[in-house]
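Below you'll find the structure, written out as structure tokens, and then a few comments.
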Amino acid sequence: MSKSNRLLRIVKFCSFLGACVTSLDTQAMNPLRFTNRAQCAADSERPATSIFLILDSYNARKMIHNYAIATGQPKPESLTESAGREYRLAVTHNTLTVMQRLLQGRLPLLPTNLAGNDLQARRYRKIQSDCSSKLSCPLLHEYLGQLWQASEIKDLPARLSRLSQIDNFQASDFFPLGSKPLKPRSLACYLVKNFSPLQSHLAKTQASSQDVEEIAKAWMNKNQHITDCYDQSPEISNSSAILQIEISPTIPNWEKVGFDFWNSTKIISTWAWRKAEITEKMSPSYYRLFKDVALEESMMFIPNGCMSITPQKCDQTTLTENSIREFAKIAPTHKDHSLYSPLGPEQILLKQKPADVNDDILNLATEKSAEGWVQRFRKQFSAARGLSRNRIQHSLQVLHRLSTSVPSQLIKEGFEKLLQLSREKNKSAQYSLYYACQELRLSMDSRFNFYSESIKSTFESTGLSQLMHDKSRDPSTLFVYLRSVADTTLPIWDLAATERLTEPPSPSDSKEGFRPWAQEVLFSEKSAQRPDSGLIDSVLRTKPLALWNTALGVVANNTLCYDEADCLRAAVEAAISVNSAMKYASAFHNSKSINSGSLLNPYAELSACKIYDPWLKTKKAYEELFVGLVNTALFGWNNTPIYIDLHRTLPQVTSFKKLIEDGQIRFSPQVQASEVRATLFADLGPLVGVPCSLAITDQPKTPQINPYFFAGISLNYCDSMSEVVTRASNAQDIQSDPQKNKGFCVGCTLSLISAESTASFYSGSVIAPVKFGIHLFRTISNFVSAKSDVVNIPRQMTVDPVYASQVFRKFGSIPESCIQQIGKGLSCYSDACAARAADAFESTTGIEVQSALVMDQNPNLSNPNNLYVYLKTSKCQGEFRFPVTCRNKADEAKHFEIQLDEIWSYEKDCQKHIPELRNLL
Amino acid sequence: MTVLHIAFYLGVMSSSVTLAQELRSSYLTNSTGTISRAIKLACPVGQTEVCVKQCGAPSCLIEEAACMSCAGTQSELLRNLFTKANFFYKSSHLIVPHAKVIETIYQLPVVLLEPQSPFNFYTNVRKGDSKNVFQGLCPDGSLNASIVVGLDESIFNVLFTCSKFNRRKVVRNTLYFVSVVLFILSSIASNYKQ
């Protein structure tokens, strides 16, 4: 089957749903892009052309099930299943319709970056700015409604006129962005039944011939692995689904507008779900109920590979969204999301070790079905989300209740009583004072700054206020209460400590008296139970000091805290809980848009935060080549007994500076800059007559004494002095100053080059040819070695499943000789030039090429601009001929050009097809 | 069709014998087969004038507005209501005129919440967790309680009610404001008074 069958073929069928839906053919797939670590990191800056839409139908199905039970439906399970199918199809169609309208230029692209001065959509920018801190934005809904109405206008000039009235949109805000109209086969969609070799680029960094063969076989049996997105077969699960949605990678200017495309899809599709008529057409019975579904928490976009859906920035939103990947793993790398004292996503970045990429990091292959994987992911993610939401909600209520019913003055008076009782040797009072004050100091004592600054910024951030329904309440007022409690209580603790009145219980059971958060911080573990009541008996009161609802009296679950010390500890615990949950709020509390983290690329955030530079090794290799050549030119050809080795250290991010920009937390990497360290080698051989040398360096490690590449019999002595200073400003901010190093080596080596150097010196010869050769050899060898780094020098391979299956059918296997062409996303022909010509022809016409041969028009000239390709197809017995330009055997696409409109054939049976083909070309 | 966010609510509870209309959550299927959530207002025999006045029949089905993202777990307000409403809110013993409640249901976008509501994603309906919570709102210990939540896209200009009734036997339906114990809904009463 040729690639043209990916054409967005409109297959209309009036289903049982009573609506005519558009179906997409699933006869071709974007090439699989295999990348190593460096290329994967570099790809994170590019917009994805293939994504997974993960759909969880739990919310919709639960709602329908409730309806079935409430109305006494005879078969509630069956009704839930059929409604679940309608829901899946409705979400699919809603999303694809929006994407289709964007690609057809019927809807404008809504920009991701709203800061640019050249932004045309100024009204959109203002609306987004006004609504940034609001839970709901009627103005945006109205705006999107106007755009949607305009997109219904069929007459192009009238539509453009209307859209420009709405928001001054220009031609550059629409597809197509170039002069040529987009090809109709720009969008494809598949429902993934199971993860197979068709997603093998997520589990391997390169493809061998065996891997390509697996891909070819999987494509030939694709019905076992993927199906049409609108498939209504009973065996398709409706409780959850993974759709693989693909944009043709050949769309012009995709790199420029790809992020805007996904941004627009996310914004418009959630609006359309509730306001447009798509849902109604797809599910006439249930569409009104479906509009209630929290769609934003029911679906997720994940890039199918290393590219991204949203621009990767070093900010809290990006890092937090990407951290969701932990919940898709069987064994999460860390459990920071559930801790009371989480490091936060930025500190996790600094601490994590170099990870593999495309190594099935999300354990996709461990489940038999794609649905099973979604279920596992959903279960873990929902549990963490529920924990986070409950923690924030409960803690805010605790703080509010305490701030209105237990004033700081009351707590102060309670602590004064505790102090007095402690002076009277009351053990319970001492324990009570001890635990309350320890927890208060740990959290709110600004002299230690473990959490107080962090809590302050959390309560003053716009993120927290967005979660609160009551906009008249500023969460910072809760922090004012906390501060007031701390400021009035801490002096009492200081006094008690001075008088040695605070006594902890015995070390063996002191831990049990702390609240779980403090146990976690102090002992790196926590018990699930509340503090041991035997250690912290209320000594001040016989009845609870604060109740949730005073009207209910002392009943189960209505007690908030027992006495002043207990109330203070409850407030502190609530503050710590809010502070910890807000570290990952963007992942769990994002109710305004669909999550779209780069879950399959752990280097996306590392690259965004400059911890990993995908091009660094490449640049370093070229730098060292340059230095080596200069050294060779200066010292290699003569008998000068000096050699200078320049070594550049890698820049290193040591910490992050937290900045607030437009209400968002951004992390500014603090980089220990790259330094050029020099080592001076002095070859003493020519001077003292023995093959000895001296090396002096400021490198962190002692230098290699052998500067001449070939080791011989050596006797070395090296020494180094280093000094490291560590500073800590708070619990999360421990920094080390750059190492200060000095080192030297003295060594004697009997080797070919030292002997040659010594000999040439004593012979009085100015030229040292052997030394020159070895210097040059060493430089080039080092360069080749550096460039062959399979991990940190960007490498990629693209394998087209359709072409792979063509080759497999043709040869019965994947010949090793074809891997190079297949790895460039081509089929296998006599050379890359012919393969590119066949690809261009097939992509444009949809006609499968059977053979391709490139020949010189005039073999004597061998001019790359003077070539013709002869293509044999299923259309006719003869061959079609096209002029082509191939440089460097068309190893790169940019070196290839084909003039399809100059189609010609010598055979009559082919000539008769030329007019028809010209229309396609 | 307008889809609205939950804005806030005020509670009204039944405790006297002054009115006998029943309010309960229901579903409505229109002539084209479209199913919607609805509020059923039923008047007992001999006291049908209120219902007849509203819809010309002894019982009325009032379609509820779409409630944006309410079928899910992301609404902090719904989480509060289904899990801890009895702790966070209390009866203020201020009686809301019954006509005002009916007027509200007809004229403003509202949804009626019951423990087994389709929007209850927060507690185990079968165990009746939310039933205890809702009952805790009723000062007279009635068996069934429900809350009417007002919706609006522009927050802070809608009012709400909470009503309580005995589903099997409509006995009384006096309506009270619910005072807000905690802060998230603290501005409701003042808005209503305005």
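The values are calculated or read from the model by the stated rules, or taken from the named source; none is laboratory data. Please read all numbers here as calculations on a predicted model, not as lab measurements. Glycine also receives a Cβ, built like all others from the backbone with ideal geometry; neighbour counts cover every protein chain displayed. Surface areas here come from the heavy atoms of the whole protein model, side chains and all, with no ligands, DNA or RNA. Shrake-Rupley method; radii C 1.70, N 1.55, O 1.52, S 1.80 Å.
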Revision key, fill the gap. Reported to the nearest 10 Å², A:ASP494 has, with a 1.4 Å probe, an accessible area equal to 50
Review point. When we measure straight from the Cα of A:LYS126, which aspartates and glutamates land under 20 angstrom away, once same-chain ones fewer than 8 places off are left out?
Key: A:ASP118, A:GLU142, A:ASP167, A:ASP173, A:ASP260, A:GLU661, A:ASP662, B:GLU153
Study note, to complete from the structure: Ignoring ligands and nucleic acids, chains A and B bury, in total, an accessible area (1.4 Å probe) to the nearest 100 Å² of about 4400
Check your understanding: At a probe size of 1.4 Å, how large is the accessible area of A:VAL554, to the nearest 10 Å²?
Key -> 100
Check your understanding: Residue separation times 0.36 nm, minus the C-alpha to C-alpha distance between A:LEU853 and A:ASN866: what's the value?
Key -> 3.3 nm
Exercise for review: List, in order, the whole-Hz ³J(HN,Hα) value for each residue of region B:26-38 obtained from phi through the Karplus relation with A = 6.51, B = -1.76, C = 1.60 and θ = phi - 60°; use x for Gly and Pro.
Suggested key: 8, 10, 10, 10, 8, 5, 8, x, 6, 9, 10, 6, 8
Practice item. Would you kindly derive the ³J(HN,Hα) couplings of region A:325-331 from the backbone phi angles with the Karplus curve 6.51 cos²θ - 1.76 cosθ + 1.60 (θ = phi - 60°), listing them in order in whole Hz, with x for Gly and Pro? Key: 4, 4, 7, 8, 8, 5, 10
**Study point:** Residue-by-residue Karplus 3J(HN,Hα) for region B:58-70, coefficients 6.51, -1.76, 1.60, Hz, glycine and proline x
**Key:** x, 9, 10, 10, 10, 5, 8, 6, 5, 10, 4, 6, 7
Check your understanding: Cross-link partners among aspartates and glutamates for A:LYS824, C-alpha distance below 12 Å, same-chain residues fewer than 8 apart left out?
Key -> A:ASP800, A:ASP839, A:ASP891, A:GLU892
Check your understanding: Whose amide H sits under 5 Å from the amide H of A:SER240, counting only residues 5 or more places off or on another chain, with H placed in the peptide plane?
Key -> A:SER57
Study note, to complete from the structure: Given pairs B:LYS40/B:LYS100; A:LYS592/B:LYS127; A:LYS511/A:LYS658; A:LYS368/A:LYS592; A:LYS427/A:LYS456 and cut-off 24 Å on Cα-Cα distance, the over-length ones are A:LYS592/B:LYS127; A:LYS511/A:LYS658; A:LYS368/A:LYS592; A:LYS427/A:LYS456
Point to revise | region A:808-858 versus region A:536-596: alpha-carbon centroid distance in Å | key: 67
Practice item. Report the accessible area of A:GLU879, computed with a 1.4 Å probe over the heavy atoms of all protein chains in place, in Å² rounded to the nearest 10. Key: 70
Revision key, fill the gap. Residues whose modelled amide H sits under 5 Å from the amide H of A:CYS229, counting only those 5 or more places away in sequence or on another chain, are A:LEU24, A:LEU191
Exercise for review: Starting from the amide H of A:LEU32, placed 1.01 Å from N in the peptide plane, find each other amide H under 5 Å away whose residue is 5 or more places distant or on another chain.
Suggested key: A:VAL799, A:ASP800
Check your understanding: Of A:LYS810/A:LYS872; A:LYS222/A:LYS291; A:LYS204/A:LYS379; A:LYS193/A:LYS329; A:LYS134/A:LYS291, which pairs sit farther than 23 Å apart, going by alpha carbon to alpha carbon?
Key -> A:LYS222/A:LYS291; A:LYS204/A:LYS379
Review point. Using a 1.4 Å probe on the protein chains only, how many percent of the accessible area of region A:385-588 belongs to carbon and sulfur?
Key: 51
Practice item. Within region A:580-649, report the trypsin sites (Lys or Arg not before Pro) that DSSP leaves as loop and that have at most 16 other Cβ atoms within 10 Å. Key: A:LYS610
Point to revise | Within 10 Å of each Cβ in B:115-123, the average number of Cβ atoms from other chains | key: 4
Check your understanding: Share of Cα-Cα pairs in region A:373-431 beyond 14 Å, in percent?
Key -> 72
Practice item. Would you kindly state how much longer the chain becomes between A:SER172 and A:VAL671 on full extension, computed as 0.36 nm times their sequence separation minus their alpha carbon distance, in nm to one decimal? Key: 175.9 nm
Check your understanding: On full extension of the chain, what length is gained from B:ASN30 through B:GLN116, given 0.36 nm per residue of separation minus the C-alpha to C-alpha distance?
Key -> 28.7 nm
Review point. Just how many % of Cα pairs in region A:323-477 lie over 28 Å apart, if you round to the nearest whole percent?
Key: 45
Review point. Under a 1.4 angstrom probe, counting protein chains only, how are A:SER405, A:SER240 ranked by accessible area, largest first?
Key: A:SER405, A:SER240
Review point. Roughly speaking, what % of Cα-Cα pairs in region A:385-588 are separated by over 23 Å, rounded to a whole number?
Key: 43
